[in-house]
1. Regarding Leu225, is this residue farther than 19 Å from Phe155 by Cβ and at pLDDT 95 or above?
2. When residues of segment 21-49 are filtered for being open to solvent by 100 Å² or more (accessible area, probe 1.4 Å) and either modelled with pLDDT of 95 or more or under 30 Å from Arg169 (Cβ atoms) (or both), how many remain?
3. Looking at this structure, is Thr236 assigned to a loop (DSSP other than H, G, I, E, B), of a type in the set (Ser, Thr, Tyr) and open to solvent by less than 60 Å² (accessible area, probe 1.4 Å)?
4. Between a first residue in segment 17-32 that is within 30 Å of Ile70 (Cβ to Cβ) and a second residue that is in a strand (DSSP E or B) and at pLDDT 95 or above, which pairs have beta carbons less than 7 Å apart while being 6 or more apart in sequence or on different chains?
5. Identify all residues within segment 137-182 that are without any contact (Cβ under 8 Å) to a residue 24 or more places away in the chain and either in contact with an Asp or Glu (Cβ under 7 Å, 6 or more places away or on another chain) or hydrophobic (A, V, I, L, M, F, W, C) (or both); write none if there are none.
6. Would you mind finding the one in Leu67, Leu56 that is in contact (Cβ under 8 Å) with a residue 24 or more places away in the chain and part of a loop (DSSP other than H, G, I, E, B)?
7. Among (1) open to solvent by less than 60 Å² (accessible area, probe 1.4 Å); (2) assigned to a loop (DSSP other than H, G, I, E, B), where does Lys188 come up short?
8. Since Ser242 meets every condition but one in (1) crowded, with 17+ Cβ neighbours inside 10 Å; (2) at pLDDT below 95, which condition does it not meet?
Amino acid sequence: GYQFWTKTDENGYFLIHDVRAGDYNLYAWVPGFIGDYKNDTIITKTSGCDIDMGELVYEPPRDGATLWEIGIPDRTAAEFYVPDPDPKYINKLYVNHPEKYRQYGLWERYSDLYPNGDLVYTVGVSDYRTDWFFAQVTRKKDDGKYEGTTWQIKFNLDHINQTGTYKLRVALATAYVAELQIRINNPKANPPLFTTGVIGHDNTITRHGIHGLYGLYSIDVKGTLLMEGENTIFLTQPMCSSALQGLMYDYIRLEAPPS
């Protein structure tokens, strides 16, 4: 159960000191790229030995050209829109601070900003820094109960490869007792094209953080589900027993079929 960590230099070289004897796997990730590197070899460390891993190459997942993307693949939701806090909750330590998300009660601001309808993001028009709320949380209703939310991503395609398979990459920065259901062009499709099931116990929303355990999902989208012109992806988070259930996105990308 031991883990030992380090960071490479600008040329990719790294050294991990003082590793206990035992068998290990080597994992890595690269800021700006989705997914994880895992070395296929079990590394056996014995007392007093040095191990040279040689050259390691990471090939991040990709099937086709990027049609559009939202966010930055850095495993956090820090680049998205973090609202100003309710004045009655404001913490002066985090006013004009880069860690603005540490203000208390920001989850309640979603209901203030979207009281009747959910977030709609239009590719090529919207800006994720101002138009993509940092957490997909529940909405508080007038009776004090909560309801799930469905966000929309609208995008245009000039040409559809009807026989090809597109790839939707969804990287999550964190989740807390949440579910992500994905539908294409039909918000009532049952079953959805994809669901994560109920995931996450990170408590990031409660703790005023911006990331927890990273998760990457790669969803096949058949060309027959898409249309020339405007298309809509529906992202539904239906779990709604509390204000603190939800998820944070890291990065979303739609790829064309392999050429």
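1. Numbers: farther than 19 Å from Phe155 by Cβ: no; at pLDDT 95 or above: yes.
For Leu225, the condition - farther than 19 Å from Phe155 by Cβ and at pLDDT 95 or above - is not met.
2. Number satisfying all stated conditions: 7.
3. In short, no.
4. Pairs that qualify, where the first residue is within 30 Å of Ile70 (Cβ to Cβ) and the partner is in a strand (DSSP E or B) and at pLDDT 95 or above, are Tyr27/Tyr37; Tyr27/Lys38; Ala28/Tyr37; Trp29/Tyr37.
5. Lys141, the sole residue that qualifies.
6. Leu56
7. (1)
8. (1)
The values are calculated or read from the model by the stated rules, or taken from the named source; none is laboratory data. Predicted model only: the values in this text are computed from it and were never measured. Because the Cβ atoms are built from the backbone with ideal geometry, glycine has one as well, and the counts that use them run over all protein chains shown. Just so you know, the surface numbers come from the protein's heavy atoms only, side chains and all, with ligands and any DNA or RNA stripped out. Shrake-Rupley method; radii C 1.70, N 1.55, O 1.52, S 1.80 Å.
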